[in-house]
Amino acid sequence: MTFWNDPINFIAAWLTGVLTGWHLPSALVTVILYIIGITVLIVFAMTLDIGLVWIERKVVARFQDRLGPNRIGPFGLIQPVADIIKMVIKEDITPDGADKIVYNIAPVLAATSVIVLWAILPLASTIYGVDLNVGLLYIVAAGALGTLAIIMAGWSSHNKYALLGAFRMVSNMVSYEIPMVIILLIPTILANTMSIRGITQAQSGMWFAILSPLALLIFLVSAIAELGRSPFDLNEAESEIVAGFHIEYTGMKFGWFYAGELLHAFTFGGFMAILFFGGYGGFFGLEKLSFFAWLNIPFIQVLVFLAKAMLGYWVIMWVKYSVPRIRIDHMLAFNWKFLVPLSLAVLIDTAILSKVLASQPGWLYAAGMFGSNLVIGLVTIEILRAYGRKHHQPAGVSTPSQAMQG
Amino acid sequence: MQNEWLYIGLFLVIGVIVPLVPLVFARLVAPRKPNRIKQSTYECGIETVGESWVQFKAQYYIFALVFLVFDVETVFLFPWALTLQQLPLFVVLEGILFIGILVAGLVYAWRKGMLEWV
Amino acid sequence: MTAEQIIFLLTGVLVIGSALLVVSVRNLLHAALWLVVSLFGVAVLYAILQANFLAVVQIVVYIGAIAILFIFAVMLTRRELLDKGSQTRTAWLIPALLGLLILAGLVLLIMSVPGVNKTAGALPTGLDTVKLLGTALVSPDAYVLPFEVASVLLLAALVGAVYIATAGNKK
Amino acid sequence: MSIPLSWYLILAAVLFCIGLFGVLSRKNAIAILLGIELMLNAVNINLVAFWRYSSPAQMAGQAFAVIVFAVAAAEVAVGLALIISVYRRRKTVIADEIDLMKW
């Protein structure tokens, strides 16, 4: 074990030696090590979050043919720091009718629900928080806390826009949670484990994105909806309900909702990389060759993971700044009448094929999985086309029943 | 106790403390001069009309209801998906029967027009 | 006292304290939020018991779904009852006495069972309880029937609830 | 595992009795359902504790806890739907005033 192979355990072993040298009980040493590790990980996530503010603003500026922040520091890099300082020294206004305790808990809970996701995120083969054997459900559980934070914020603000925004957001989030949970079953079946690390390792030869491209697409759509980002940003539709559930929040409390959303988007980009693109690994066996052995170095793996996650995050941003907002009835109909049936079809297909093709050679297994996904996709498009022809109406007239065409 | 849950618990505690730090700091340095106008409920520049905790559409509730049932059912599919590889094909069909019952619920809600936004 | 016992006692205080608030606070929305705290504490208990799957399912199902539904229902029925006035019946003393009586009986019963003070050994290494649960839930010689019946029950609940909730809609 | 089984059982008993108190003493039908949730959770604590302390390789306790989850979800869905429906017709959620079945 050297520093370059296994940095976490290397440092942990050294620190354990130091601390036991001070005659501390071993349980206490473990707790101290955990606290140090967690603090480092969270500080890393928060630093990344600050960087994301800059990236998001630069990217949106380019999409809209602007320059973006460019005054403070080189390329405006210091801009997010200035933003934070501004938010911290802003006056914090609590509206009169607010339910004060709930009002103050909500932003903290919103940020925490995102931060806890990092506990199970494997950054490299030897750099990870914890390898939970129910990791996939842990993601869903953290999302549940986020939903609760939003409904608390909307209710406690004592503002009708906030309440309406919270209801839209929550009905949106809970609806799209169903296809997301169904789709999480597919990596479970393919990798035969629910642990995030296990899923990453199962993809060392073949990405799940190739075995099940439809699952990837459904995951992307439901992840964007879970995040409440455009085109699913009805919760803060400025023209209707001004800003949604966080309308009354000022200063750093608003800042946590904003920072939480950005980090959440990046983290979901990371989960997309882990669940479908092999996470820190997944080089199709290349890393076994001696020439590419450097791909196994943990620090290189961290960079690979961050690059993949950033790519997922970029796709989420791309969708956000290119697609207009959808009406709420369309949004819910799209979920219940299109995404849920489609994801159930993909699930049944994957379950049966993974059983039937289990003993076949690798290439046949992959081809069968990919082909069946292709067939389902084509059939879906045909059904949609037939439906569209049957219910075709002149442009400009739209009814809720047309929402399926989304 | 398992160490992994100890880790998650500590992560949760620190994950609460970290967001609190800037909030506490803001409390110390930010000005606080509240007045009645400033603290009134926001309403695009005009006086607030009516009760803020408005009655909302029951439709939101119907979707939450359908969600609850689906959520519970799909979560229970996870142990099944996990053991798929070790068990005979027959077990896969059991799971699919379970999904079929789920689909029946969806079809019913669809037919009854529950999924329409009225 | 070991660290584990201290964590258990803290969690127990959290669970029971917030449960007491659930049944006593006036504002129903606060009662629902205290229920969330209490159920979170129960999830911690499952984690201490090493029932990983149930610990996360507790949060997903109870906090992510049931609590949300409760909050929605409280908001839907708020118009009349603005949390003013007493939320409990006038004769709350009788239920309290009844509760204490049953509690005393249960505690006596629990303490009289032989071997109730035993502690459990560590779980065998390599025992993946989630996989075992999966096998148990779908094996024909174990719990496949309750499992499928549960899904039929949920279907019945969905049909019933949707029917009831929208029965008066299209007048 | 240095915690005796009796601690879990007593905690569950206390939770059950608090839930029972809530069910019997609350006026609001939604609050009564909250009490029922507490009682169901007390049952689940017992099931999981017995699973852990008797034979962890036998999944009976956890399997039944899963079934209890399903029952709780079904109960909440139907119960709240009933309350909403009654509220829409009679504009009340006070359990004592919902006495249609008396006649």
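Per-peptide packing, taken as the mean over residues of other Cβ atoms within 10 Å, places A:58-64, D:62-68 in the sequence D:62-68, A:58-64 from highest down.
Label the protein assembly as shown by shape, choosing from rounded, prolate and oblate, from the square roots a ≥ b ≥ c of the eigenvalues of the Cα gyration tensor; if a/c is under 1.5 it is rounded, and otherwise prolate applies when a/b is larger than b/c, oblate when it is not. Since a/c stays below 1.5, the shape of the protein assembly as shown is classed as rounded.
Positive-end ranking of B:Tyr108, B:Gln86, A:Ala307 along the dipole of the protein assembly as shown, with charges on Cβ about the Cα centre, is headed by B:Tyr108. Checking the Cα-Cα distances for A:Lys90/A:Lys320; A:Lys160/B:Lys33; A:Lys253/A:Lys320; A:Lys100/A:Lys160; A:Lys58/A:Lys86; A:Lys86/B:Lys33 against a 21 Å cut-off, the pairs over it are A:Lys90/A:Lys320; A:Lys160/B:Lys33; A:Lys253/A:Lys320.
For region C:1-84, what class follows from the C-alpha gyration tensor (a ≥ b ≥ c being the square roots of its eigenvalues): rounded when a/c is under 1.5, otherwise prolate if a/b is larger than b/c, else oblate? In terms of gyration-tensor shape, oblate.
For region A:1-155, calculate the relative contact order in percent as a whole number, restricting contacts to Cα pairs under 8 Å that are 6 or more residues apart.
On the way: 99 pairs, mean separation 31.6, N = 155.
Result for region A:1-155 is 20 percent.
Taken about its Cα centre, chain C carries a charge dipole of roughly 700 debye when the Cβ of each Lys and Arg holds +1 and the Cβ of each Asp and Glu holds -1.
Work out which helices of chain A, taken as complete DSSP H runs, extend at least 20 Å along their axis over the Cα atoms and score a mean Kyte-Doolittle of 0.5 or more, then list them. Don't skip to the answer; put the middle values down first.
Values: long enough: A:7-21 (21 Å, 1.27); A:26-63 (54 Å, 1.76); A:100-115 (24 Å, 1.47); A:135-156 (32 Å, 1.75); A:160-191 (46 Å, 1.38); A:213-227 (21 Å, 2.30); A:251-276 (37 Å, 1.02); A:298-322 (36 Å, 1.27); A:340-356 (24 Å, 1.71); A:362-390 (42 Å, 0.70).
Helices passing the filter in chain A: A:7-21, A:26-63, A:100-115, A:135-156, A:160-191, A:213-227, A:251-276, A:298-322, A:340-356, A:362-390.
Using just the helices of chain A, give the 222 nm mean residue ellipticity in deg cm²/dmol: DSSP H runs with n ≥ 4 each add -39,500 (n - 2.57), and the total is spread over all residues, rounded to 500. Mind showing how you got there, number by number?
On the way: 15 runs with 267 residues, N = 406.
Taken over chain A, the calculation gives -22000 deg cm²/dmol.
What is the average number of partner chain Cβ atoms found within 10 Å of a Cβ in A:27-39?
3
Between region D:1-21 and region A:308-334, what is the C-alpha centre distance in whole Å? So the two Cα centres are separated by 47 Å. Taking each DSSP H run with n ≥ 4 as -39500 (n - 2.57) and averaging over every residue of chain C yields -21500 deg cm²/dmol at 222 nm. Packing order of peptides C:156-165, B:94-103, A:169-178, C:139-148, highest average first: A:169-178, C:156-165, B:94-103, C:139-148 (average count of other Cβ atoms within 10 Å over each peptide's residues).
To the nearest 20 debye, what charge dipole does region D:5-102 have about its Cα centre, counting +1 at the Cβ of each Lys and Arg and -1 at the Cβ of each Asp and Glu? Walk me through the intermediate numbers first.
On the way: 8 positive and 5 negative charges, 60 e Å.
Rounded to the nearest 20 debye, it is 280 debye.
With a 10 Å cut-off around each Cβ of A:148-160, the average count of Cβ atoms from other chains is 4. With contacts taken as Cα pairs under 8 Å at a separation of at least 6 residues, region A:144-285 carries a relative contact order of 36 percent. Other protein chain C-beta atoms within 10 Å of residue C-beta, averaged over A:178-186: 5.
Filter the DSSP H helices in chain C by two things, a Kyte-Doolittle mean of at least 0.5 and an axial alpha-carbon span of 27 angstrom or more, and list the hits by number. Let's see the in-between values first.
On the way: long enough: C:3-24 (32 Å, 2.07); C:28-48 (30 Å, 2.26); C:93-112 (28 Å, 2.71); C:144-166 (33 Å, 2.09).
Membrane-span-like by this criterion, though nothing is claimed about a membrane: C:3-24, C:28-48, C:93-112, C:144-166.
Convex hull of alpha carbon positions in region A:161-222: directionally averaged projected area 4.8 nm².
Arranged by the count of other C-beta atoms within 10 angstrom, fewest first, what order do A:Tyr280, D:Tyr8 take?
Details: A:Tyr280 29, D:Tyr8 24.
The fewest-first ordering by Cβ neighbours comes to D:Tyr8, A:Tyr280.
Here the sum of -39500 (n - 2.57) over DSSP H runs of 4 or more residues, divided by the residues of chain D, equals -26500 deg cm²/dmol at 222 nm, to the nearest 500. Based on Cβ point charges of +1 for Lys and Arg and -1 for Asp and Glu, what charge dipole magnitude is obtained for the protein assembly as shown about its Cα centre, in debye rounded to the nearest 20? It works out to roughly 1440 debye.
Sorted from greatest to least, the principal axis extents spanned by the alpha carbons of region A:146-270 come out as 52, 25, 21 Å. In chain D, Rg over Rh equals 1.11, where Rg is the alpha-carbon radius of gyration and Rh the Kirkwood radius from pairwise Cα distances. Shape class for chain A, computed from the alpha carbon gyration tensor (a ≥ b ≥ c): oblate, with a/c not under 1.5 and a/b at or below b/c.
FYI, it's all coordinate maths here, none of it is from the lab. Here the structure is a predicted model, which is why all the values come from computation and not from measurement. Reconstructed Cβ throughout: ideal geometry from the backbone, glycine too, with neighbour counts over all protein chains shown.
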